[in-house]
Amino acid sequence: MKLPFVVVLLGLWGFASGAWAWSNHTVGSYLALQDVAALRDAPELTVEPLEQFLGQEHAGLVTLLREQETFARRHFPDYPPRPDNLALTDAPAADLRRAFLMALRVNPQIHLALMFQPMPGQDQPQRAHLKPQEVMVEQTISPWSTQRFISLAAGDKVAPLAVLATAADEPDYGHDINLFSDNPGEAGALYGFGVQSFGDERFEYSSQAPFHIGFFHESAVVYAGAPFLQRSWPDWRAYQYLDLARFAFATGHPYWGYRFLGWGLHYVQDLTQPYHATPLPGADLASMLLMEGKALAGFDADKNAAIERVATRHIEVEKYQAAWLEQVLRAKVALPMLAAYADAAQDATYPPYTERYLRDVVSAESNAQAAAFDQAIGQWLAVSGGVGDFSQGNDLKRENYQHEPLNSQLVGLLRHMGAHSRNFVKAGTAAAQDAQLD
Ligand SMILES: [Zn+2]
């Protein structure tokens with residue numbers, strides 16, 4: 001086996017951008033979690049500024065984050081140890097928030113605005129709204145975003161599901177931007193993640209890809225040739241935030257409990273998208289090597305076509321799903337896609353949640369479906385030519401969302417997304433319910 005071929009091949013691969021995964025996580029989370037009784041029946045929460053939580057719980061957080069680091073070094077393969085000087089110190093730092101974000105190795109420039117996203121069609125125009133640039137770092141602002149952000153202030157009351165569903169979209173607002181040593185900005189030089197392992201440079205937010213994508217189920221020969229594929233940490237991010245959520249619930253800060261839980265939920269949902277769990281869906285090792293061999297001999301058309309194909313299919317199918325969902329929500333009819341998000345019939349068939357769940361269960365499942373999904377997208381694109389650019393509204397109207405093989409793939413994947421979302425949330429909220437009973 002000529003490993004250098006694999007290295008060259010994968011090294012040049014752009015990879016999916018890392019932001020698209022069922023588009024707006026807030027909408028998917030509302031739909032997946034709407035019938036969870038523990039959320040629906042929970043009392044409204046009081047909005048609490050981060051600094052208040054950090055100030056009141058500093059001593060506990062010093063211990064918690066120290067234990068997290070010890071755990072991560074033992075349990076996450078290819079985990080880059082956190083430099084010791086980033087740990088929280090016993091004496092609180094002057095800037096509590098910055099010290100906390102740096103101890104988590106999150107982008108210290110995120111806004112962490114107090115706000116919530118309503119479900120589409122349930123906006124409250126009379127209330128104050130925040131602009132996208134007040135919520136997201138600039139690299140993540142999309143010109144065709146339709147999200148609405150209703151402003152909140154400390155002391156306001158808000159439904160737990162709104163906090164959780166809103167937070168599920170937040171890691172795409174800048175949490176994981178520019179954390180690598182070769183990225184612009186100051187954090188990457190301090191964080192110890194090394195050089196960026198992969199990401200599509202055409203996108204400004206591509207530096208977040210190794211935190212939102214995980215290639216956990218490739219063959220040993222692929223990893224041997226392309227070890228950078230193993231340098232990704234969505235499972236660690238989910239662990240960090242679930243653990244923080246449990247701590248916040250246990251110490252009487254439910255607003256932050258649900259918000260941290262939503263952050264963790266994001267990474268679970270990302271891995272339910274096959275393009276976030278598989279580098280080259282539908283391509284086996286032999287065909288990859290053949291493409292590379294031909295490219296080296298000067299015939300690179302196959303290889304370039306394959307690169308283009310993966311990027312296009314990933315983005316087009318997310319646009320199709322997002323536009324279809326928008327149409328379904330507007331029509332207010334119960335369709336298989338909406339039912340799939342909320343279908344809890346399979347939830348209990350999965351193993352109990354542990355820190356291995358993202359790797360062993362979520363991404364294994366989406367990886368197994370990747371080739372069939374990719375094929376269905378290919379068939380749809382051949383017929384329809386794709387959704388078109390979101391900024392050109394006319395193109396969207398041509399689509400009738402009647403592509404049965406693709407729709408049934410999507411419905412199946414969204415059913416998984418709903419199940420894993422509920423299982424993750426249950427793992428986090430058990431502590432919240434205990435606290436309410438005390
Ligand atoms: Zn993401």
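The values are calculated or read from the model by the stated rules, or taken from the named source; none is laboratory data. The structure displayed is predicted, hence computed values, not measured ones. We place every Cβ from the backbone using ideal geometry, glycine too, and count neighbours over all the protein chains shown.
Rundown of residues vs (1) within 30 Å of residue 57 (Cβ to Cβ); (2) among the polar types (S, T, N, Q), yes/no style:
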{"site": "225", "(1), (2)": "no, no"}
{"site": "234", "(1), (2)": "yes, no"}
{"site": "245", "(1), (2)": "yes, no"}
{"site": "287", "(1), (2)": "no, yes"}
{"site": "294", "(1), (2)": "no, no"}
{"site": "304", "(1), (2)": "no, yes"}
{"site": "330", "(1), (2)": "no, no"}
Check your understanding: Quick check, is residue 53 closer than 24 Å to residue 191 by Cβ, surrounded by fewer than 18 Cβ atoms within 10 Å (Cβ to Cβ) and aromatic (Phe, Trp, Tyr)?
Key -> no
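How many residues are farther than 21 Å from residue 269 by Cβ and touching a residue at least 12 places away in the same chain (Cβ under 8 Å) when one looks only at segment 158-185? Working first, answer last.
The first filter runs over segment 158-185 and keeps only residues farther than 21 Å from residue 269 by Cβ, leaving 158, 178, 180-185.
Okay, now just the ones that are also touching a residue at least 12 places away in the same chain (Cβ under 8 Å), so 158, 178, 180-183, 185.
Total satisfying the criteria: 7.
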Revision key, fill the gap. Checked against (1) of a type in the set (A, V, I, L, M); (2) under 30 Å from residue 68 (Cβ atoms); (3) surrounded by fewer than 19 Cβ atoms within 10 Å (Cβ to Cβ), residue 103 satisfies every condition except (3)
Revision key, fill the gap. Filtering segment 190-212 for residues that are among the hydrophobic types (A, V, I, L, M, F, W, C) and in a loop (DSSP other than H, G, I, E, B) leaves a count of 4
Practice item. Inspect segment 193-200 for any residue being modelled with pLDDT under 95, within 16 Å of the ligand (Cβ to nearest atom), under 25 Å from residue 115 (Cβ atoms) and touching a helix residue (DSSP H, G or I) at 6+ places or on another chain (Cβ under 6 Å) and give the result as yes or no. Key: no
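Could you say which residue among 259, 237 is within 13 Å of the chain's Cα centre (by Cα) and of a type in the set (Lys, Arg)? Working first, answer last.
Working: 259 fails: within 13 Å of the chain's Cα centre (by Cα).
That would be 237, the only listed residue that is within 13 Å of the chain's Cα centre (by Cα) and of a type in the set (Lys, Arg).
Considering segment 57-84 alone, what residues qualify as being of a type in the set (A, V, I, L, M) and either in contact with a Lys or Arg (Cβ under 9 Å, 6 or more places away or on another chain) or buried (at least 16 other Cβ atoms within 10 Å of the Cβ) (or both)?
Pass one, segment 57-84, residues of a type in the set (A, V, I, L, M): 59, 61-62, 64-65, 72.
61, 62, 64, 65, 72, listed by residue number.
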Practice item. List every residue pair whose Cβ atoms lie under 8 Å apart, where the two residues are 6 or more positions apart in sequence or sit on different chains, the first residue falls within segment 201-226 and is under 25 Å from residue 357 (Cβ atoms) and polar (S, T, N, Q), and the second residue, located anywhere, is in a helix (DSSP H, G or I) and away from the ligand (no atom under 16 Å from the Cβ). Key: 219/285
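How many of the residues in segment 344-375 are in a helix (DSSP H, G or I), charged (D, E, K, R) and modelled with pLDDT of 95 or more? Break it down into steps so the answer makes sense when it comes.
Applying the first criterion (in a helix (DSSP H, G or I)) to segment 344-375 yields 347-349, 357-375.
With charged (D, E, K, R) added as a condition, the list becomes 347, 359-360, 365, 374.
Checking which are modelled with pLDDT of 95 or more leaves us with 347, 359-360, 365.
Residues in segment 344-375 being in a helix (DSSP H, G or I), charged (D, E, K, R) and modelled with pLDDT of 95 or more: 4 in total.
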Review point. Since residue 176 meets every condition but one in (1) in a loop (DSSP other than H, G, I, E, B); (2) among the acidic types (Asp, Glu); (3) over 20 Å from residue 359 (Cβ atoms), which condition does it not meet?
Key: (3)
**Study point:** Matching option when the condition is of a type outside the set (D, E, K, R), surrounded by 24 or more Cβ atoms within 10 Å (Cβ to Cβ) and away from the ligand (no atom under 14 Å from the Cβ), among 267, 239, 258
**Key:** 258
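Return the total of residues in segment 270-302 being more than 12 Å from the ligand (Cβ to nearest atom), within 30 Å of residue 240 (Cα to Cα) and in a helix (DSSP H, G or I). Please lay out each step first, then the result.
Filtering segment 270-302 for residues more than 12 Å from the ligand (Cβ to nearest atom) gives 274, 277-302.
Then keep just the ones that are within 30 Å of residue 240 (Cα to Cα); that gives 274, 277-281.
Pick out the ones that are also in a helix (DSSP H, G or I) and you get 274.
Selection size over segment 270-302: 1.
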Point to revise | Residue match in segment 220-235 (condition: surrounded by fewer than 24 Cβ atoms within 10 Å (Cβ to Cβ), in contact with a His (Cβ under 9 Å, 6 or more places away or on another chain) and either not in a strand (DSSP E or B) or not aromatic (Phe, Trp, Tyr) (or both)) | key: yes
**Study point:** Members of segment 35-56 found to be touching a Lys or Arg at 6+ places or on another chain (Cβ under 7 Å) and either part of a loop (DSSP other than H, G, I, E, B) or within 24 Å of residue 275 (Cα to Cα) (or both), listed by number
**Key:** 36, 44
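Only one residue in 220, 154 is modelled with pLDDT of 95 or more, away from the ligand (no atom under 16 Å from the Cβ) and over 20 Å from residue 22 (Cβ atoms). Which one?
Numbers: 220 fails: modelled with pLDDT of 95 or more.
After ruling out the rest, the residue left standing is 154.
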Point to revise | Unique match (being under 21 Å from residue 166 (Cα atoms), touching a Phe, Trp or Tyr at 6+ places or on another chain (Cβ under 6 Å) and at pLDDT below 95) among 318, 326, 292 | key: 318
